[in-house]
Amino acid sequence: MISNAREVTIEYKSQFNRLASHSLQSWEWGEFRQKTGLEVIRLGRYEKDKLVETAQITIHPLPFTDFTIGYLPKGGVPSSEMLEKLVEVGKKYKCIFIKLEPNVEKDNWKLPACRQGREIGNWKFNLVSSPHPLFTRYTFQLDLTKSEETLLKAMHPKTRYNIKVAQKNGVAVMEDNSEEAFNNYLKLMTETTIRQKFYAHNKNYHRLMWETLRSTKIAHLFTAVYPKENKRYVLAAWILFLFNGCLYYPYGASSVLFKNVMASNLMMWEIIKFGKNNNAKLFDMWGALGFDADPKDSWYGFHKFKQGYGPTLVELAGSFDLVINKNVYLLYNFIYRLRQLILNLKSNLRARS
């Protein structure tokens, strides 16, 4: 049986999406990333004319150099043919390395030894654990095939109580894909990133993402509204992805107003029901701290919030670098570590002043 890997053309879009392991591997996500100015490479392994494996890579230029970095988020376990093609693409685009962050549980990430040692001309695969992961190694996943009653029973009592508090206070959660709702989302996102001091993409990134994925029914915008004294306050706005039977929670923003009405708790419950009603089998909550979560961690509150809904904590394979240019890769990591040390030093000095 003839098997080979090559770039996927538009006529295979439906097959490509059926095999995609995550919303970030969807054809539409690639279209969005192209709009942000990145080179997007869609690869497929074929058996005769049938597409049997896919991988979508974005190419990121490294400032002030001719080098780039490839990124393959949330893919599957690559075959030897796919790894060969990744190396070929990496060389073509002058990648220092291609970062792989597979959507694969730790116990299922098993590359046969022959793949990592197999020669391609004068090349041997050099797939190493990445010192600089982008995605968290852990995530919470909720089985949506269970009944609503079973899901409610599995929640932490405080979570169930907070849902009832929001309902008693008249909080209304709805899908609202209007321009007004999206502008409210952008406003709350800005407030949230400033308040919680975390990195977020700019407004143009969010708008391009929304416009691209909304039109294909992958992205859905939900708002939680609280009526108070003849006014309607938008207390939370979340964007969800629904793709290949899985619901994802990549983006959420909230207000500091009326925190006592527990709007986000009701939001999460209504979104769970939305997933069930739209035939999603699994709800991936997009990240967690891990089994020994530190209460002092700045993300601990968010971790506990998700945990309250009774999901399973899943450990993924992790982050790997497929090294294309070994010498430059070593230099890149040295400069990266040096930069982090300088930034940490500056941060400590500011804190003491």
Result of the Cβ filter at 8 Å on the stretch 320-344, keeping first residues that are without any contact (Cβ under 8 Å) to a residue 24 or more places away in the chain and under 28 Å from Trp109 (Cα atoms) and partners that are part of a loop (DSSP other than H, G, I, E, B) and of a type in the set (A, V, I, L, M, F, W, C), at least 6 apart or interchain, is none
Selection from the stretch 77-99 of residues over 21 Å from Phe32 (Cα atoms), open to solvent by 40 Å² or more (accessible area, probe 1.4 Å) and not β-branched (Val, Ile, Thr) yields Glu81, Glu84, Glu88, Lys91, Lys92, Lys94
In contact with a His (Cβ under 9 Å, 6 or more places away or on another chain), closer than 30 Å to Lys203 by Cβ, open to solvent by 10 Å² or more (accessible area, probe 1.4 Å) and not β-branched (Val, Ile, Thr): is that true of Leu62 in this structure?
no
What residue, among those in the stretch 181-217 that are open to solvent by 10 Å² or more (accessible area, probe 1.4 Å) and of a type in the set (Val, Ile, Thr), is farthest from Phe274 (Cα to Cα)?
Ile194
Can you name the condition, by its number, that Thr145 falls short on among (1) touching a residue at least 24 places away in the same chain (Cβ under 8 Å); (2) open to solvent by 80 Å² or more (accessible area, probe 1.4 Å); (3) in a helix (DSSP H, G or I)?
(3)
The number of residues in the stretch 151-166 that are out of contact with any Phe, Trp or Tyr (no Cβ under 9 Å at 6 or more places or on another chain) and touching a residue at least 40 places away in the same chain (Cβ under 8 Å) is 3
Inside the stretch 39-57, the number of residues satisfying the requirement of being open to solvent by 30 Å² or more (accessible area, probe 1.4 Å) and in contact with a strand residue (DSSP E or B) (Cβ under 6 Å, 6 or more places away or on another chain) is 4
Candidate set from the stretch 1-38 (those that are of a type in the set (Lys, Arg) and more than 17 Å from the chain's Cα centre (by Cα)); member that is surrounded by the fewest Cβ atoms within 10 Å (Cβ to Cβ):
Arg18
From (1) at pLDDT below 95; (2) open to solvent by 60 Å² or more (accessible area, probe 1.4 Å); (3) part of a loop (DSSP other than H, G, I, E, B), pick out the condition that doesn't hold for His132.
(2)
Segments classed as strands (runs of 3 or more DSSP E), wholly inside the stretch 245-349, with at least 3 members that are within 26 Å of Leu134 (Cα to Cα), acidic (Asp, Glu) and open to solvent by 80 Å² or more (accessible area, probe 1.4 Å)
none
Odd one out for Gln167 among (1) of a type in the set (S, T, N, Q); (2) out of contact with any helix residue (DSSP H, G or I) (no Cβ under 9 Å at 6 or more places or on another chain); (3) more than 30 Å from Asn204 (Cα to Cα):
(2)
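Tell me, please, whether a residue that is farther than 23 Å from Trp109 by Cα and either aromatic (Phe, Trp, Tyr) or in contact (Cβ under 8 Å) with a residue 60 or more places away in the chain (or both) can be found in the stretch 18-25.
For the stretch 18-25, residues farther than 23 Å from Trp109 by Cα and either aromatic (Phe, Trp, Tyr) or in contact (Cβ under 8 Å) with a residue 60 or more places away in the chain (or both): absent.
The values are calculated or read from the model by the stated rules, or taken from the named source; none is laboratory data. Small disclaimer: the values here were computed from a predicted structure and weren't measured. When we count neighbours, we look across all protein chains shown, and the Cβ atoms used for this are built from the backbone with ideal geometry, even at glycine. Accessible surface areas use protein heavy atoms only, side chains included; no ligands, DNA or RNA. Shrake-Rupley method; radii C 1.70, N 1.55, O 1.52, S 1.80 Å.
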